[in-house]
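Below is one structure, written out as structure tokens, with a few remarks after it.
Laboratory data are not the source of any read-out in this text; all were calculated from the coordinates shown. As the structure is a prediction and not an experimental result, all values here were calculated from the model. Heads up, the Cβs are rebuilt from the backbone with ideal geometry, glycines too, and the neighbour counts pull from every protein chain shown.
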Amino acid sequence: MQHPGPSCTHLADLDGEEEKEVMLRTYKKIVTWRLQRVNEAVSLGKRRRVSSPTCGTCGVTLSRPFVCLSCSYTGCWMEGHVYGHLRESGHGFCVDARTGSIFCMECDDFVYDQSFKNVYESLLTNAGEKYTTFRLSRMTREAYKPWIPDYKDTGALDKSVSLPCQGRRGLLNLGQTCYLNSILQSFLANPLLRNYFLSDKHNFKACKNKDCTCCEMDKLFSEIYSGDSKPFGPTSFLSTTWRASSSSGPASSELCAGYAQQDAHEFFISALNQIHATAKGSTKASCICIVHTTFDGSLHSEVRCERCGNVNATSDPMMDISLEIEGKHMGGHGGRGDGEEATLLSCLRRYTHPERLGANDYSCPKCGKNSHASKRLSIHRLPPVLSFQFKRFEHPTSDKSSARKIEKRVRFPSTLNMAEFTTLAQRNSSEGKVNGTSRATYAGPASMYEYDLFSVVCHEGSIDNGHYTCFTRHQDEWYRYDDDKVTHSTLGDCLASQAYMCFYVKRHLDYKPYVLPSYIQAREAEMQKEKERELQKMREMQAMEREVDDELLASI
Amino acid sequence: MPSRNDPANSALYTQLHRRMVESGEWDRLSTIFSQRLTETGWVDDVHHRSKEIARSAGSEPGKTVRQIMTDVQEYAEGSVPASVRQGLMALIRQYLDSQIDK
């Protein structure tokens, strides 16, 4: 993430000087020491006793040392000892070993400097790679290569026009279309979708698909980033959605056609299906289209037969996670009563908690008998963008009038660590219980499981007369979208809202060696063949012309 | 409650503190503590307040991290949920009891 804070002139003045080089080397040593310590503490299970630095002023052992960048002093922050050291010694800067943040004495504040930031990020990435191995092949991860533009890229960059990197525009309500507007705003704030469409991966002028929702996304992004701030009416998006859903069967046409209030989550799922269907590289299995590379994860389900102990495991793709707000068996599970407030994490814990199936619900494929069984869900592969739905609307019977809305507040955090809900973590904890040890398979650094909230879709009001609004984040600022009205908001307001859907993006995206997608390979092979065919035709034409010429010459 | 600044306690405190940090117990407890504070919304609440303090102060000359910390410290310490506080105290007590015989 880019920090907009003012840069420190005292550090910038030292650019290119020997003093800064020395400080950068010290900085590198401190950060490496800290990362090594954190990762080895977890990966080695029981940690060996390691000595820690003590405060140069009060002598207390430091769990979070601040280190002077000019000498070997270490000290504590909360008691102000490191501050006192800088003041007395006249040394300029110190670093927080835990976060890598730099404090400048003259600015009397924490400061941002590009060269230190680069060192920190590359050390963090290296540590992430070093402490992760693939479970099956025991291989280490691919080394991260930063993108350095070659002469072709530089040429293309020189020719391109710079646009503002944020676009904010309200969307007009086209007759109870707040469900659509809110979901579209969450798409617009999605960094993966934004990068795809703004880098011209699907150009609506070059696309030949009929009723193409991908083209509608491309047009929407162009409108939002056009620099115009007047509210925009997504009419063509809506009509394409109608046409695309009516052509895919009568059941789904009921879903979106007409001017009725719709469910935002249903629209979200149908929009994803339509974008997937019209995107490049779209396939039935292990699809690499933009929708699947963004939202697709996999859910692991284990059913254990209580008769013979046989475990039946399956993995299914998942595009989002729908969570129950209220437990079915209150007080029964894990002793948590209904007095406890609902949080996203408590909902996830319930979601991944073993569930006992009735005696007649499961027939074991191994012992062939019906028996009680326990079923447990976990997340096998985490997607780059995690989307949650809180099931606020209950339909106990098919009769529409019996539907009710659960108004209960669900607390959700701005950052989320998904480690405990993964299949790996579940296996570790159940193996730990069996063997009586805490020695578990090391699941890699925490940075692999960290997510940041970037959008929330809220539902206000009753089930049949409600209104959808949306919050989205740009860097560290929150904005609220109520159809055509866009207002600057705060993190506090966003987190206090009645969330219906929450969207989180992975803080450190996975990477692998670049492979040319098969559809591009196929297209290039086709173009090559086409060229050869044309060449062949030209040769034939030339040969014919030569024959004609020869004949003409001969006849003279 | 005995103060750690009391000279009679400070030597014991320093020693126990070192033992906790060097055995990794300190890091383990801080991880649990910060997870609980995140789940109960305390971290986001303090983040939100600090940010709004910085915003209302404007950019010229603005507030430094040290000033924001002074402004928010009392509220932050006072708003730690009782259940989290008691849970952590119990864990620390458990650790200390396990250390007494050694």
| query | Looking at (1) crowded, with 16+ Cβ neighbours inside 10 Å; (2) within 9 Å of chain A (Cβ to nearest Cβ), can you tell me which one B:E52 breaks? | reply | (1)
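Would you confirm, using the coordinates I've provided, whether B:K63 is within 14 Å of chain A (Cβ to nearest Cβ), surrounded by 12 or more Cβ atoms within 10 Å (Cβ to Cβ) and assigned to a loop (DSSP other than H, G, I, E, B)? Lay out the reasoning, then the answer.
On the way: within 14 Å of chain A (Cβ to nearest Cβ): yes; surrounded by 12 or more Cβ atoms within 10 Å (Cβ to Cβ): yes; assigned to a loop (DSSP other than H, G, I, E, B): yes.
Taking the combined requirement at face value, the residue satisfies it.
Only one residue in A:C207, A:C214, A:C165 is part of a loop (DSSP other than H, G, I, E, B) and within 23 Å of the chain's Cα centre (by Cα), so which one is that? Walk me through it before giving the result.
Working: A:C207 fails: within 23 Å of the chain's Cα centre (by Cα); A:C214 fails: part of a loop (DSSP other than H, G, I, E, B).
Answer to the selection: A:C165.
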| task | Scan the strands (runs of 3 or more DSSP E) fully inside region A:21-133 and keep the ones with 1 or more residues being within 14 Å of chain B (Cβ to nearest Cβ), in contact with a His (Cβ under 7 Å, 6 or more places away or on another chain) and not β-branched (V, I, T). | result | A:102-104
| task | Please specify each residue of region A:487-546 satisfying the condition of being more than 14 Å from chain B (Cβ to nearest Cβ), among the aromatic types (F, W, Y), surrounded by 14 or more Cβ atoms within 10 Å (Cβ to Cβ) and within 30 Å of A:K145 (Cβ to Cβ). | result | A:F503, A:Y519
| Complete set of residues in region B:20-43 that are free of Cβ contacts under 8 Å to residues at least 12 places away in the same chain and either assigned to a loop (DSSP other than H, G, I, E, B) or hydrophobic (A, V, I, L, M, F, W, C) (or both) | B:V21, B:G24, B:W26, B:G41, B:V43
| task | Within region B:72-79, identify whether any single residue is more than 27 Å from A:S489 (Cβ to Cβ) and more than 10 Å from chain A (Cβ to nearest Cβ), and answer yes or no. | result | yes
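Listed residues A:M105, A:M139, A:M78; which is free of Cβ contacts under 8 Å to residues at least 12 places away in the same chain and more than 20 Å from A:Q36 (Cα to Cα)?
Checking each option against the conditions leaves just A:M78.
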| query | Across region A:148-171, which residue is surrounded by the most Cβ atoms within 10 Å (Cβ to Cβ) among those that are closer than 30 Å to A:Q274 by Cα and among the basic types (K, R)? | reply | A:R169
| message | Could you go through region A:473-488 and let me know if any residue there is in a loop (DSSP other than H, G, I, E, B), charged (D, E, K, R) and more than 16 Å from B:K51 (Cβ to Cβ). | response | yes
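For region A:270-283, which residues satisfy the criterion of being of a type in the set (A, V, I, L, M, F, W, C) and surrounded by fewer than 17 Cβ atoms within 10 Å (Cβ to Cβ)? Show your work before the answer.
If we filter region A:270-283 for residues that are of a type in the set (A, V, I, L, M, F, W, C), which is where we start, we get A:271-272, A:275, A:277, A:279.
Scanning region A:270-283 gives no hits.
Mind listing just one residue for me: the one in region A:371-416 that is within 14 Å of chain B (Cβ to nearest Cβ) and not in a strand (DSSP E or B) and, of those, farthest from A:F295 (Cα to Cα)? Give the steps one after another, and end with the answer.
From region A:371-416, those within 14 Å of chain B (Cβ to nearest Cβ) are A:409-416; that's our starting set.
Those still in the list that are not in a strand (DSSP E or B) too: A:409, A:412-414.
Working: A:R409: 26, A:F412: 20, A:P413: 20, A:S414: 19 Å.
Among those residues, the one meeting the criterion is A:R409.
Out of the residues in region B:10-19 meeting the condition of being out of contact with any Cys (no Cβ under 9 Å at 6 or more places or on another chain) and without any contact (Cβ under 8 Å) to a residue 12 or more places away in the chain, tell me which one is farthest from the other protein chains (Cβ to nearest Cβ). Show your work before the answer.
Quick first cut of region B:10-19, residues out of contact with any Cys (no Cβ under 9 Å at 6 or more places or on another chain) only: B:10-13, B:15-19.
This time we only want the ones that are without any contact (Cβ under 8 Å) to a residue 12 or more places away in the chain, so: B:10-13, B:15, B:17-18.
Numbers: B:S10: 9, B:A11: 10, B:L12: 13, B:Y13: 9, B:Q15: 9, B:H17: 6, B:R18: 4 Å.
It comes out as B:L12.
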| task | Could you tell me whether B:V72 is touching a residue at least 12 places away in the same chain (Cβ under 8 Å), closer than 28 Å to A:S101 by Cα and not in a helix (DSSP H, G or I)? | result | no
| task | Filter region B:12-38 down to the residues that are surrounded by 17 or more Cβ atoms within 10 Å (Cβ to Cβ) and among the charged types (D, E, K, R), then identify the one that is nearest to A:L344 (Cα to Cα). | result | B:R36
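Somewhere in region A:172-183, is a residue in a loop (DSSP other than H, G, I, E, B), more than 23 Å from the chain's Cα centre (by Cα) and crowded, with 18+ Cβ neighbours inside 10 Å?
Here is the first cut: in region A:172-183, the ones in a loop (DSSP other than H, G, I, E, B) are A:172-177.
When the remaining residues are screened for being more than 23 Å from the chain's Cα centre (by Cα), the result is A:172-177.
Of the ones still in play, those that are also crowded, with 18+ Cβ neighbours inside 10 Å are A:177.
Yes; the residues of region A:172-183 include at least one that is in a loop (DSSP other than H, G, I, E, B), more than 23 Å from the chain's Cα centre (by Cα) and crowded, with 18+ Cβ neighbours inside 10 Å.
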| said: Exactly one of these conditions fails for A:Y451: (1) within 18 Å of A:A264 (Cβ to Cβ); (2) part of a strand (DSSP E or B). Give me its number. | reply: (1)
